[in-house]
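Only one structure is covered here, and it is reproduced in the block below.
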Amino acid sequence: MDPQLLDLIEPAIVFATLLGAAFGVKLLIWGKGPIRRVRVPEDRQALEQRLTEFEEHLSDIVAHHTERLSELEERLDFTERMLTQQREDQVRVLRKPDPPTPI
């Protein structure tokens, strides 16, 4: 490349790079970038209310799933009892059949 052309282009490339970096930082901090999403809202009462609503919703979910788990445990216990009873009946039949009744 021609050294005179390089001397003309180099400041433009440096300026464009600095401008792009400054614009990127501006978007991160003041724009809709990730840093803006992390900031705490100015209205602390609204934030506390949202947190309270979230905790209530979470406790409702936990209560619902606890109830559902209890119901499933009861069903499992019932199924286990039925299977045990069925196995005992099968073992009784295989071990010793009832004597025939006289007619």
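Things worth noting here:
- The phi-based Karplus calculation (6.51 cos²θ - 1.76 cosθ + 1.60; θ = phi - 60°) puts the 3J(HN,Hα) values of region 6-11 at 4, 5, 7, 7, 4, x Hz, whole numbers, x for Gly and Pro.
- Contour excess over end-to-end distance, with Cα ends at T66 and T52 and 0.36 nm allotted per residue: 3.0 nm
FYI, it's all coordinate maths here, none of it is from the lab. Please read all numbers here as calculations on a predicted model, not as lab measurements.
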